[in-house]
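J.: Quick one: the structure is below, and I'll ask about it shortly.
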């Protein structure tokens, strides 16, 4: 049956690597895994932020944790992370969470190719690299688990003026669905997280037109249905239950059902509503 039989929970006592662990959902994942008895490698492009997460883990849980600087868009750095993690943990990695991400907004014809490349560098290639370097290790050891962080807004709602972000997150969703099927015989579980609003710094650290920056921050901080801690808990529980999708909020679930039930009608409604959105936000 392998390590991950129905009775085994991958989130318990995990040897985990979490990217983007310096803040937001990534930090929440790292903290929750530690509470479940895990040892965690906290990877982030901001080493100081990753070190802060490690300090929180050690002070609040007493579990082992390690900080590593990593630009997930660079394959060499993710390859090094996959090798370094085993040495730091003194154990094969059992779970990788590809969480690192950036926000990018703006009309399609106003977003530069440089911005496209920046967004894809982190949001898409970061996830591809994480899967590319850890999946062979999981296959060799006969077990493993992957959580990829996509988005409801980018993954399947096709929100206007978020073209590049949507392309990256919908690709992460497709990648996760494909890997779930391919890796099932290899005892490797896959879960893809598709949230809507979660209080994080993704938009503060992202690239948005100035007219939207204040609105985006207000929505994230004051109008989210769940916290990042709740999202991490639900996602890990779903992983343990063998579920592919984690759609944590009621609005995300509503958009999911609408899009699947009638995609053509959904697209028309979205197009009709877009001018109203532009009129509201000036």
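Readers should treat all values here as calculations from the given coordinates under stated rules, not as data from a laboratory. These numbers were taken from a predicted model, which means no experiment stands behind them. Neighbour counts are summed over all protein chains in view; Cβ atoms, including those assigned to glycine, are modelled from backbone coordinates with ideal geometry.
J.: How much length, in nm to one decimal, is gained on full extension between residue 8 and residue 112, taken as 0.36 nm per residue of separation minus their Cα-Cα distance?
T.: Extra length from residue 8 to residue 112 when fully extended: 32.8 nm.
J.: Right, here's the next one. What ranking of 15, 184 emerges when the number of other C-beta atoms within 10 Å of each C-beta is taken as an exposure proxy, fewest first?
T.: 184, 15
J.: By average Cβ neighbour count within 10 Å, what is the ranking of 23-29, 127-133 from highest down?
T.: 23-29, 127-133
J.: So, R0 is 35 Å and r is the distance between the beta-carbons of residue 76 and residue 241; what FRET efficiency does that work out to, to 0.05?
T.: It comes out at approximately 0.50.
J.: Still on this structure, I have one more. Would you kindly state how much longer the chain becomes between residue 229 and residue 60 on full extension, computed as 0.36 nm times their sequence separation minus their alpha carbon distance, in nm to one decimal?
T.: This chain segment gains 59.4 nm when fully extended.
J.: Here is a follow-up. What list do you get for 162, 120, 258 if you sort them by fewest beta carbons within 10 Å?
T.: In order of increasing Cβ crowding within 10 Å: 258, 120, 162.
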